[in-house]
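Asks: Encoded as structure tokens, here's the structure I'll be asking about.
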Amino acid sequence: MIVLRNVSKYYKMRGKGVRWILRDTSAVIRRGDRVGILGRNGAGKSTLMRLLGGVEFPSEGRIERRMSVSWPLAHGIGVHSSLTGADNARFVARIYGRPVDEIVEAVNEFAELGAYMDMPVSTYSSGMMSRLLLGLSMAMDFDCYLIDEATSVGDSRFIMRTQQRLENKLRDSAVVMVSHHAMHIRSFCRTAAILHEGSLTFFEDLDEAIATYEAL
């Protein structure tokens with residue numbers, strides 16, 4: 001599980017005081033949970049994902065991870081821009097102790113980058129970067145997947161294939177998905193929370209969460 005204990009996150013703004021992302025938040029995410037985080041652009045959703053993934057640290061409180069957690073999908077976290085897509089796949093495989101050739105083949109098959117798989121990531125478009133990150137994540141097994149609107153990348157065929165692959169992965173894993181589109185949350189999640197002005201409010205009823213969010 002992932003446990004948030006009185007977590008606060010803020011940034012000091014020069015001459016403008018403090019910008020709060022989270023205020024004194026406690027929560028538990030268990031294996032098998034499928035939690036959607038709804039928030040407007042600029043609410044701090046991506047920062048929250050980096051906190052859950054251990055990429056950033058809370059300003060106050062602590063986060064305990066008692067299960068394996070993916071890096072946030074749809075961000076270039078952990079990817080080296082000077083390396084090729086294939087080299088990044090080899091790097092990740094070695095870190096997690098997985099067969100290198102198997103992981104490279106799995107990423108290549110999923111991401112459908114063609115010749116770009118052997119080109120530096122710095123040459124990728126944002127969509128290609130998201131495909132690579134999705135491929136890397138789908139090639140690995142995690143107890144919890146962090147998804148930041150990455151499922152909307154590509155054409156309709158690729159989106160459908162991504163959703164099918166995620167459904168298979170999520171049968172035995174938790175997911176935390178952040179989005180400002182309610183339809184994304186409804187597709188994958190059973191419960192939801194709203195991130196608004198530093199408060200993270202959880203709802204057991206998904207429809208209630210979406211209705212509350214849309215009324216903000």
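Asks: Is there a residue in region 135-150 that is assigned to a helix (DSSP H, G or I), over 22 Å from ALA211 (Cα atoms) and modelled with pLDDT of 85 or more?
Replies: Checked region 135-150: at least one residue is assigned to a helix (DSSP H, G or I), over 22 Å from ALA211 (Cα atoms) and modelled with pLDDT of 85 or more.
Asks: Can you name the condition, by its number, that LEU22 falls short on among (1) more than 17 Å from the chain's Cα centre (by Cα); (2) in contact (Cβ under 8 Å) with a residue 60 or more places away in the chain; (3) in a loop (DSSP other than H, G, I, E, B)?
Replies: Going through the list (1) more than 17 Å from the chain's Cα centre (by Cα); (2) in contact (Cβ under 8 Å) with a residue 60 or more places away in the chain; (3) in a loop (DSSP other than H, G, I, E, B), LEU22 breaks only (3).
Asks: Can you pull out the residues in region 38-63 that are in contact (Cβ under 8 Å) with a residue 40 or more places away in the chain and part of a loop (DSSP other than H, G, I, E, B)?
Replies: GLY39, ARG40, ASN41, ALA43, GLY44, GLU56, PRO58, SER59
Asks: Identify, by number, the condition in (1) closer than 25 Å to TYR213 by Cβ; (2) at pLDDT 90 or above that ASN41 doesn't meet.
Replies: Only one criterion in (1) closer than 25 Å to TYR213 by Cβ; (2) at pLDDT 90 or above is unmet by ASN41, namely (2).
Asks: Working only within region 98-140, note down all residues that are among the acidic types (Asp, Glu) and within 23 Å of GLN164 (Cα to Cα).
Replies: GLU102, GLU105, GLU109, GLU112
Yes/no per residue for (1) outside any helix (DSSP H, G or I); (2) at negative phi; (3) modelled with pLDDT under 85:
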| position | (1), (2), (3) |
| --- | --- |
| MET117 | no, yes, no |
| GLY127 | no, yes, yes |
| GLY154 | yes, no, yes |
| ILE159 | no, yes, yes |
| ALA192 | yes, yes, no |
| PHE202 | yes, yes, no |
| ALA211 | no, yes, no |
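Asks: Considering region 194-216 alone, what residues qualify as being of a type in the set (Val, Ile, Thr) and crowded, with 16+ Cβ neighbours inside 10 Å?
Replies: Those that are of a type in the set (Val, Ile, Thr) and crowded, with 16+ Cβ neighbours inside 10 Å: ILE194, ILE210, THR212.
The values are calculated or read from the model by the stated rules, or taken from the named source; none is laboratory data. Note that the structure is predicted; figures quoted are calculated from it, not measured. Glycine gets a Cβ as well: all are built from the backbone with ideal geometry, and neighbour counts include every protein chain shown.
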